[in-house]
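Enquirer: Mind having a look at this structure? Questions to follow.
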Amino acid sequence: MTEEKEEKQEEHGPETGCEEPAEADTESPVGAEEESPLREEKRENGEGRCELQEPPAEGDAEPEFVHPEGGWGWLVMLAAMWCNGSVFGIQNAFGILFLSLLREFGSEDDDDLRFKTAWVGSLSMGMIFFCSPIVSVFTDILGCRITAVGGAAVGFIGLFASSFVT
């Protein structure tokens, strides 16, 4: 055994055969899937460890499946879809808003007004991408939940304040 394997064996225990086999088993029929008796344990730092998992006895009931996110995955997916749909839906529909803004503040034929009004959509989309690295830093420091709630509060205050503008 090499020194590296000996150190690995001392650190993680005896090898359990988690490495992939050198050649495929040609005797098993196509499509037949068997449960592997090996269970891989993931660690936070990315290192893994394999252990032999005992097959359940014939008389034992199969353990009940537990959702890893506690069963709230569908609600989180719907909330994320609604958030992205509304934010990017408004951004992608700015062409319609652009014409309304031109009519509200002047004429559709005024080139100077068209240039100034186009900044509204450009700055709006630019701020989303400009703030992404800043939000990433806040997420690393504070976590996803606090950052998301803080961002929602800032967005709500901005939308609420803009409703008073004539």
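Enquirer: At a 10 angstrom cut-off on C-beta neighbours, averaged per residue, how do the peptides 108-117, 68-77 rank from highest to lowest?
Expert: Per-residue Cβ counts within 10 Å, averaged per peptide and sorted highest first, yield 108-117, 68-77.
Enquirer: Next question. Pop the C-beta distance of LEU159 and HIS67 into the FRET formula with R0 = 35 Å and round what comes out to the nearest 0.05.
Expert: Given R0 = 35 Å and the Cβ-Cβ separation, E is 0.55.
Enquirer: Could you order CYS83, CYS131 so the one with the most accessible surface comes first? Probe is 1.4 Å.
Expert: Ranking CYS83, CYS131 by accessible area, largest first, yields CYS83, CYS131.
Enquirer: Label-point separation (nm) for ASP109 and PHE129, each offset 7 Å from Cα along Cα-to-Cβ?
Expert: 3.5 nm
Enquirer: Got a sec? Charge dipole of segment 65-166, +1 on Cβ for Lys and Arg, -1 for Asp and Glu; which of ALA93, SER132, THR117 is way out at the positive end?
Expert: Ranked along the dipole, the leading option is SER132.
Enquirer: What list of ³J(HN,Hα) couplings, whole Hz, do you get for segment 145-151 from phi and the Karplus terms 6.51, -1.76, 1.60, once you set θ to phi - 60° and write x for glycine and proline?
Expert: With the stated coefficients, segment 145-151 comes to 5, 5, 5, 5, 5, x, x Hz.
The values are calculated or read from the model by the stated rules, or taken from the named source; none is laboratory data. From a predicted model like this one, the values you see are computed outputs, not experimental measurements. Glycine also receives a Cβ, built like all others from the backbone with ideal geometry; neighbour counts cover every protein chain displayed. Quick note on the areas: whole protein, heavy atoms, side chains included, nothing else; ligands and nucleic acids left out. Shrake-Rupley method; radii C 1.70, N 1.55, O 1.52, S 1.80 Å.
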